[in-house]
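Peer 1: Before we start, here is the structure in question, set down as structure tokens.
The values are calculated or read from the model by the stated rules, or taken from the named source; none is laboratory data. As the structure is a prediction and not an experimental result, all values here were calculated from the model. Quick reminder, even Gly has a Cβ in these numbers, built from the backbone with ideal geometry, and neighbours come from all protein chains shown.
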Amino acid sequence: MNDMSFKTVFTPPEPLAIKSHPHKIVAKNVDVYYGEKHAIHNLSITIPDKAVSALIGPSGCGKSTFLRSINRMNDTIPSCRITGTITFDGQSIYDKAVDVVDLRARIGMVFQKPNPFPKSIFENVAYGPRIHGLAKDKTDLERIVTESLKRASLWEEVKDRLSHPGTGLSGGQQQRLCIARAIAVDPEVILMDEPCSALDPIATARIEELIHDIKEKYCIVIVTHSMQQAARVSDLTAFFHLGILVEVGDTDVLFTNPQDKRTQDYITGRFG
Amino acid sequence: MSDHIVKAYDNDLSSLKSMLSEMGGKAEEQLALSIDALVRRDTKLADSVILADEVLDEMETAIEEKAVLIIAKRQPMAKDLRNVMVAVRIAADMERIGDLAKNIAKRAHAIDSAIPRRLATGLERMGQLSQNQLKLVLDAFAADDSKRAMDVWRHDDDIDALYNSIFRELLTYMMEDPRMISACTHLLFAAKNIERIGDHATNIAENIYYLVNGEMLKEQRPKKDKTSTTPFAFADKA
């Protein structure tokens, strides 16, 4: 981790989750602006591969902004400006040579509200592999769809009705369908922006179980408002406040013995 | 620390704390009365101490229930979580202190001969030391003060040292007059109980350290209790 970048905030020892995993995404001195608004201040963080990293913090703290910077979703906002570097497997993602469509295939995203396409369950998952030309033929495409649905723990519930519309599923099933859709293009990173906030506790537990099952294959970054969820699913937790990355630590440590007072106040429910 | 957004959460935690300080006060009182009952061989007082131990048991249960309820309802994090965990552990230590005091009181019935003045003074002195340790550690808990808790932790060796000398003295009495063996054995157990109470006070101190600093104390406590390795000298005498 870059020592300089922590000058204004707390400098923790390097978390075990970062030390013991390959470094997938490395952000250095990142500043993000929306027009005049300075949304993220001098952020540096290393996101480990084959692990779950949670970004927590009150609304407007910059955690979603940072998440969306990782797969350049912020490109769609004209007033958004970003400085500093974010590398993905050592390559800068803001490099001119980077194809954004290709980047987003490698860095998939799951949103707060399940947003299946108004198509069949099969087509929802098949769409990505088809447009990216990942399937050799129809049998191969069927294999990819089946595997993705299995990995998203949805297969058993939908295998008899693959031709039914995806929008006809329950909220939790729709969200798992969206995860299956993200997995189908064989990404390396999965970004999740509050993936459970619209779901009931049982559907939430299913998604958390799913995250746990797939984390050994992917680099997962999750933004969540539920601290308990961050504590349950993640290996590494980063706390953001007012656009500043206040503290990064192993989840087990951060929730029992946070080092910064702001982190302590936030996770114990002392300010929101 | 600043207040929670949810006021009821603050109330839950502060009532847990006041339950603990009430229990601490009761444990201190039980300890003082039990030693008094023993050295004066006051069986009436001893009986009241034995009876009152039930109150401490009930307090421990109430604190445990409160802690479980807070965990279930509030899902405490960080220092709040440590607070709840530590409350349960401290309550358990105080419940043990109560049991030990009760055991000391019971021995007031068993001792059939007058206790030599010197021994009584020694036991009273030991009792005062452990009472003082208990009082200081409870004050440190009330004030969230890890430094004061560590002072208590370091001073336990005073009690150990006194226990050593009482142990030796009791051995001498027993060797000199076998009729004293029964009474002295009871006193030996009483002294050992007081020494154990001192150890519980240091447990509480360690918990305060954890509560304030977020990590367990790694240092080893200085120990002066040598009685486990002291040989009996009967053979030499014969």
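Peer 1: In the stretch A:144-161, how many are in a helix (DSSP H, G or I) and either under 13 Å from A:Asp186 (Cα atoms) or of a type in the set (Gly, Ala, Ser) (or both)?
Peer 2: So the first thing to find is which residues in the stretch A:144-161 are in a helix (DSSP H, G or I), and the list is A:144-151, A:155-158.
Next, only the ones that are either under 13 Å from A:Asp186 (Cα atoms) or of a type in the set (Gly, Ala, Ser) (or both) stay: A:144-145, A:147-149, A:151.
Residues flagged as in a helix (DSSP H, G or I) and either under 13 Å from A:Asp186 (Cα atoms) or of a type in the set (Gly, Ala, Ser) (or both) within the stretch A:144-161 amount to 6.
Peer 1: Could you tell me whether the stretch B:113-125 includes any residue that is aliphatic (A, V, I, L, M), buried (at least 17 other Cβ atoms within 10 Å of the Cβ) and modelled with pLDDT of 95 or more?
Peer 2: Looking for residues that are aliphatic (A, V, I, L, M), buried (at least 17 other Cβ atoms within 10 Å of the Cβ) and modelled with pLDDT of 95 or more, one finds none in the stretch B:113-125, hence no.
Peer 1: Regarding the stretch B:168-189, can at least one residue be identified that is part of a loop (DSSP other than H, G, I, E, B) and touching a residue at least 40 places away in the same chain (Cβ under 8 Å)? Full working, then the answer.
Peer 2: Quick first cut of the stretch B:168-189, residues part of a loop (DSSP other than H, G, I, E, B) only: B:177.
Keeping just the survivors that are touching a residue at least 40 places away in the same chain (Cβ under 8 Å) gives none.
No - not one qualifying residue is present in the stretch B:168-189.
Peer 1: Still on this structure, please answer the following. Does A:Ala184 satisfy the criteria of being surrounded by fewer than 20 Cβ atoms within 10 Å (Cβ to Cβ), away from chain B (no Cβ under 14 Å) and over 22 Å from A:Ser64 (Cβ atoms)?
Peer 2: no
Peer 1: Let me ask something else about it. Keeping to the stretch A:159-185, report how many residues are in contact with a Leu (Cβ under 7 Å, 6 or more places away or on another chain) and β-branched (Val, Ile, Thr). Give the steps one after another, and end with the answer.
Peer 2: Applying the first criterion (in contact with a Leu (Cβ under 7 Å, 6 or more places away or on another chain)) to the stretch A:159-185 yields A:166, A:169, A:171-173, A:175-177, A:179-180, A:185.
Subset that is β-branched (Val, Ile, Thr): A:179, A:185.
Qualifying residue count, the stretch A:159-185: 2.
Peer 1: Name the residues in the stretch B:77-102 that are assigned to a helix (DSSP H, G or I) and either of a type in the set (Asp, Glu) or within 12 Å of another protein chain (Cβ to nearest Cβ) (or both), would you?
Peer 2: Result: B:Ala78, B:Lys79, B:Asp80, B:Leu81, B:Arg82, B:Asn83, B:Val84, B:Met85, B:Asp93, B:Glu95, B:Asp99.
Peer 1: Identify the residue in the stretch A:228-268 that is surrounded by fewer than 20 Cβ atoms within 10 Å (Cβ to Cβ) and closer than 24 Å to A:Leu199 by Cα and, among all such residues, is nearest to the other protein chains (Cβ to nearest Cβ).
Peer 2: Per the criteria, the residue is A:Gln228.
Peer 1: Would you confirm whether or not the stretch B:219-228 contains a residue that is more than 14 Å from chain A (Cβ to nearest Cβ), loosely packed, with under 14 Cβ neighbours inside 10 Å and within 25 Å of B:Val88 (Cα to Cα)?
Peer 2: Yes, because at least one residue in the stretch B:219-228 is more than 14 Å from chain A (Cβ to nearest Cβ), loosely packed, with under 14 Cβ neighbours inside 10 Å and within 25 Å of B:Val88 (Cα to Cα).
Peer 1: Go through the stretch A:213-233 and give me each residue that's in contact (Cβ under 8 Å) with a residue 12 or more places away in the chain and of a type in the set (S, T, N, Q).
Peer 2: Here is the first cut: in the stretch A:213-233, the ones in contact (Cβ under 8 Å) with a residue 12 or more places away in the chain are A:213-227, A:229-233.
The answer is A:Thr224, A:Ser226, A:Gln229.
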